[in-house]
1. Can you tell me which residue among Ala101, Ala107 is of a type outside the set (D, E, K, R) and touching a Pro at 6+ places or on another chain (Cβ under 9 Å)?
2. Suppose we filter the range 307-346 for residues that are touching a His at 6+ places or on another chain (Cβ under 7 Å) and either closer than 24 Å to Lys152 by Cα or assigned by TED's automatic domain parsing to the domain that holds Ile151 (or both); how many remain?
3. Please verify whether the range 364-372 includes one or more residues that are in a loop (DSSP other than H, G, I, E, B) and surrounded by 14 or more Cβ atoms within 10 Å (Cβ to Cβ).
4. If you take the residues in the range 167-179 that are without any contact (Cβ under 8 Å) to a residue 40 or more places away in the chain and farther than 16 Å from Ala290 by Cβ, which one is farthest from the chain's Cα centre (by Cα)?
5. What is the residue count in the range 138-165 for residues that are surrounded by fewer than 21 Cβ atoms within 10 Å (Cβ to Cβ) and touching a residue at least 40 places away in the same chain (Cβ under 8 Å)?
6. Being farther than 24 Å from Glu189 by Cα and in a strand (DSSP E or B) is the filter here; which residues of the range 255-307 pass it?
7. Return the residue satisfying two criteria in turn: it lies in the range 48-79 and is in a helix (DSSP H, G or I), of a type outside the set (Lys, Arg) and modelled with pLDDT of 90 or more, and of such residues it is nearest to Asn26 (Cα to Cα).
8. Go through the range 4-29 and give me each residue that's surrounded by fewer than 20 Cβ atoms within 10 Å (Cβ to Cβ), of a type outside the set (A, V, I, L, M) and closer than 18 Å to Lys389 by Cβ.
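The values are calculated or read from the model by the stated rules, or taken from the named source; none is laboratory data. Values in this document were obtained by computation on a predicted structure and should not be read as measured data. Reconstructed Cβ throughout: ideal geometry from the backbone, glycine too, with neighbour counts over all protein chains shown.
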Amino acid sequence: MKKVNFFIGTLSTGGAERVVSNLSLNLNDNIKKDILMFGVKSKIDYPYKGNIVYLDKNRDTNIINKFKTLITRIVTVRKIKGLENHATTISFLEYPNVVNALTCGSAKSIVSVRNHMSTKHNNGMKSKLWNLTIRYLYPKTDLIISVSEEIKQDLICNYNIDSNKIKVIYNSYDINDIHEKSKEVIIDEHNEIFDNPVIISVGRLNKQKGHWHLIKAFSEVKKVIPNAKLVILGEGELESYLKELTQNLNICQDVHFLGFQKNPFKYISKSKIFVMTSLHEGFPNALAEAMACGVPVISSDCKSGPREILAPTEFNKENIDYCINKDRYGILTPVCDGSKYSSTDAITDEEGSVADSIITLLSDTSLWNHFSNQAQTRIQDFEISKIIKEWESVI
């Protein structure tokens, strides 16, 4: 019997965590599955199949103990691989990838790269260390799985990694399961929000997701469509800042922070538009899952993923036109600059593009229906039954 170790920090929130959940549930039952995780009895938000193996006995916070924990993890993972040299270990996200790469041996080791690394690590000493780690450690593994073609090109061009070492496997989705979960009832206190046209965004409240740009764009939408509401699902370190921004813009009554939701689909499906203003991505799950719900999507044209999903024939182009293009599967807008302007600053051109796209979609029923149909057509290319075979082929 084949054996796979999925190696990830936790199964609590996050896109990579949801991917591990989906893989464990959908891989052939003839493949034995273990999920290696950090932490002590970490919180688990996603369903899974297989055995959970915790690598840590306690949770340390100071630098010396963190280093000791890293060494312990390396020793433990090396021991696991040594006892099971027939097993394949597939790691997700950077810290598990480092441990996986440092413990290469006779057992097969695969790292999954899920973000555009040269964009993510583009500033400061910590970024330089990560870039060196990626350049010299990742190639020691048996295979690198990239979640987009653009990430593959980034690894080749900016990290000098052999193209033969990299395989692209897109994220996949159980569309029937998403449809079923989207039918669930929203709790009463949230129901009245959806009596209005709702713009929704899903993701951690951190710098990468750029929610403040969406909030500023939404403040412009309100001037044209007064009953519009903005719902943001997710938790993170910028929550206080984002809430303060809504207060300063006098829209706090119309922006609803509903936290992390195990089932975001019941909220997405009842919304009019999904919007993502990320500064960088890999292959954004929330965007694809909104498409599975039949909701028209607006996304920043960040590196990487959105253009491959929404405009697959254009993803290799140096520049594209950001007008609304009905041949695409959603609406692309230019990437915002990531600067946290104050509420008194005028909105940027990029934020204005987001606002204009939202207003146009909410005002044109025919266009809304077109992009709803386009979304449902495109997501079929990422149905899990089509993509799971690619994973099984590398185990």
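1. Testing whether each residue is of a type outside the set (D, E, K, R) and touching a Pro at 6+ places or on another chain (Cβ under 9 Å) leaves just Ala101.
2. Residues in the range 307-346 being touching a His at 6+ places or on another chain (Cβ under 7 Å) and either closer than 24 Å to Lys152 by Cα or assigned by TED's automatic domain parsing to the domain that holds Ile151 (or both): 1 in total.
3. no
4. The extreme case among them is Asn176.
5. Counting residues in the range 138-165 that are surrounded by fewer than 21 Cβ atoms within 10 Å (Cβ to Cβ) and touching a residue at least 40 places away in the same chain (Cβ under 8 Å) gives 4.
6. Of everything in the range 255-307, those that are farther than 24 Å from Glu189 by Cα and in a strand (DSSP E or B) turn out to be Met276, Val297, Ile298, Ser299, Ser300.
7. Val77
8. Residues satisfying the conditions are Asn26, Asn28, Asp29.
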